[in-house]
Amino acid sequence: MPLNILLAEDNLVVRQMMADFLSGEGHLVEEVASGDAAWERLESGKPYDLLLLDLCLPGMDGLELLKRMRAEPCSEYAPVIILSADHSAETKNAVLAAGATAFWSKPLTPSELILRVHAFERSQCVQGDGGILQEKILQELVQALGRNRKLAGIMDTFVESLRDYEQRIHQAVRDGDKKELCNLVHGLKGAAAMFGGSSLVNWCLRQEALARQEAFQPDESTAKALGELIDQTCQALAAFMEREGL
């Protein structure tokens with residue numbers, strides 16, 4: 001499935017080469033040369049499946065852009081990968097702590113770039129069309145299982161599992177149990193991906209990135225954000241089931 005990618009890189013040659021390699025794999029790539037230009041694209045409301053941001057951009061750099069994105073509801077959970085030739089642990093930790101989905105060290109060979117984007121595409125349920133759910137995945141379930149009580153029961157069980165994860169993650173946050181939180185987030189990510197829960201998957205990816213930081217301590221805002229996303233996911237799923245007559 002082709003990804004809609006926003007690529008922010010100030011070096012013209014590097015940017016064009018990256019765009020050509022990714023376009024050659026079927027992805028749709030929009031190029032910008034600065035953080036300010038990238039922010040303008042995001043403000044226009046156009047959804048992107050993946051953002052590839054160079055850390056050292058003119059004007060608003062990649063880290064500043066990332067922080068601004070995470071402060072906005074429309075881009076709070078969008079997958080963002082930061083690329084940098086600065087390989088220091090301090091830089092990597094700062095990027096992940098700010099909410100990056102991943103940090104990739106430059107330079108990347110063409111094959112490395114393509115393989116990493118393909119791996120990302122395969123392993124993550126990226127946000128599609130800016131929505132809570134990837135309905136294409138749900139449609140595939142309908143086609144495979146049919147419009148029947150069995151499928152409705154499976155979806156009801158999925159909703160129940162989301163509520164169970166919500167309660168257990170809340171408890172892990174209250175207990176300050178970082179290890180248990182990581183285990184639960186990993187399980188939630190897998191369950192949400194099976195049913196196209198794009199925003200939930202992206203929330204999980206962000207929490208996993210944050211959890212890699214030794215100083216990270218989850219608080220009530222973590223649990224609150226999850227609760228809101230689960231509510232939205234359940235509402236979107238209920239609307240889909242009603243439209244499909246389930």
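Could you please find all residues in segment 201-214 being free of Cβ contacts under 8 Å to residues at least 40 places away in the same chain and among the aliphatic types (A, V, I, L, M)? Quick ask: steps written out before the conclusion?
As a first pass, look at segment 201-214 and keep what is free of Cβ contacts under 8 Å to residues at least 40 places away in the same chain: 204, 207-208, 211, 214.
If the condition is that a residue be free of Cβ contacts under 8 Å to residues at least 40 places away in the same chain and among the aliphatic types (A, V, I, L, M), then Ala211 is the only one that fits.
Looking only at segment 122-130, decide whether some residue is modelled with pLDDT of 85 or more and surrounded by fewer than 19 Cβ atoms within 10 Å (Cβ to Cβ). Spell out how you get there, then give the answer.
Of segment 122-130, the ones modelled with pLDDT of 85 or more are none.
Looking through segment 122-130, none of the residues is modelled with pLDDT of 85 or more and surrounded by fewer than 19 Cβ atoms within 10 Å (Cβ to Cβ).
Within segment 176-183, is even one residue within 25 Å of Pro47 (Cβ to Cβ) and of a type in the set (D, E, K, R)? Scanning segment 176-183, I find no residue that is within 25 Å of Pro47 (Cβ to Cβ) and of a type in the set (D, E, K, R), so the answer is no.
Quick check: is even one residue across segment 14-22 under 20 Å from the mean Cα position of the chain (by Cα) and not hydrophobic (A, V, I, L, M, F, W, C)? Steps first, please.
Residues of segment 14-22 under 20 Å from the mean Cα position of the chain (by Cα): 22.
So of that shortlist, the ones also not hydrophobic (A, V, I, L, M, F, W, C) come out as none.
Scanning segment 14-22, I find no residue that is under 20 Å from the mean Cα position of the chain (by Cα) and not hydrophobic (A, V, I, L, M, F, W, C), so the answer is no.
Could you please let me know if Asp156 is over 21 Å from the mean Cα position of the chain (by Cα) and either in a helix (DSSP H, G or I) or assigned by TED's automatic domain parsing to the domain that holds Arg70 (or both)? So Asp156 fits the description; yes. Scanning segment 9-38 for residues that are charged (D, E, K, R) and free of Cβ contacts under 8 Å to residues at least 40 places away in the same chain, we see that the one that is surrounded by the fewest Cβ atoms within 10 Å (Cβ to Cβ) is Asp20.
Any residue in segment 211-221 that is at pLDDT 80 or above and either among the hydroxyl-bearing types (Ser, Thr, Tyr) or part of a helix (DSSP H, G or I) (or both)?
Restricting attention to segment 211-221, the residues satisfying the condition of being at pLDDT 80 or above are 219-221.
Add one more test, that the residue is either among the hydroxyl-bearing types (Ser, Thr, Tyr) or part of a helix (DSSP H, G or I) (or both), and what stays is 220-221.
Within segment 211-221, one or more residues are at pLDDT 80 or above and either among the hydroxyl-bearing types (Ser, Thr, Tyr) or part of a helix (DSSP H, G or I) (or both).
Would a scan of segment 214-234 turn up a residue that is in contact with a Gly (Cβ under 8 Å, 6 or more places away or on another chain) and of a type in the set (Lys, Arg)? Checked against the condition, which is being in contact with a Gly (Cβ under 8 Å, 6 or more places away or on another chain) and of a type in the set (Lys, Arg), segment 214-234 yields no hits at all.
When Leu141 is tested against (1) surrounded by 14 or more Cβ atoms within 10 Å (Cβ to Cβ); (2) of a type outside the set (Ser, Thr, Tyr); (3) modelled with pLDDT of 85 or more, exactly one condition is not met: (3). Only a single item in (1) exposed (fewer than 14 other Cβ atoms within 10 Å of the Cβ); (2) touching a helix residue (DSSP H, G or I) at 6+ places or on another chain (Cβ under 6 Å); (3) not hydrophobic (A, V, I, L, M, F, W, C) is not met by Gln207, and it is number (1).
Listed by first and then second residue, the pairs linking a residue in segment 80-102 that is in contact (Cβ under 8 Å) with a residue 24 or more places away in the chain to a residue that is assigned to a helix (DSSP H, G or I) and β-branched (Val, Ile, Thr), with Cβ atoms under 8 Å apart and 6 or more places separating them unless they lie on different chains, are Ile82/Val95; Ser84/Thr91; Ser84/Val95. Of all the residues in segment 40-53, those that are in contact with a strand residue (DSSP E or B) (Cβ under 9 Å, 6 or more places away or on another chain) and modelled with pLDDT under 95 number 9. Residue count for segment 141-164 satisfying the condition of being of a type in the set (Ser, Thr, Tyr) and in contact (Cβ under 8 Å) with a residue 24 or more places away in the chain: 1.
The values are calculated or read from the model by the stated rules, or taken from the named source; none is laboratory data. What you are looking at is a predicted structure, and each value in this text was computed from that prediction instead of being measured. Positions of Cβ are generated from backbone atoms using ideal geometry, with glycine treated the same way; all protein chains shown enter the neighbour counts.
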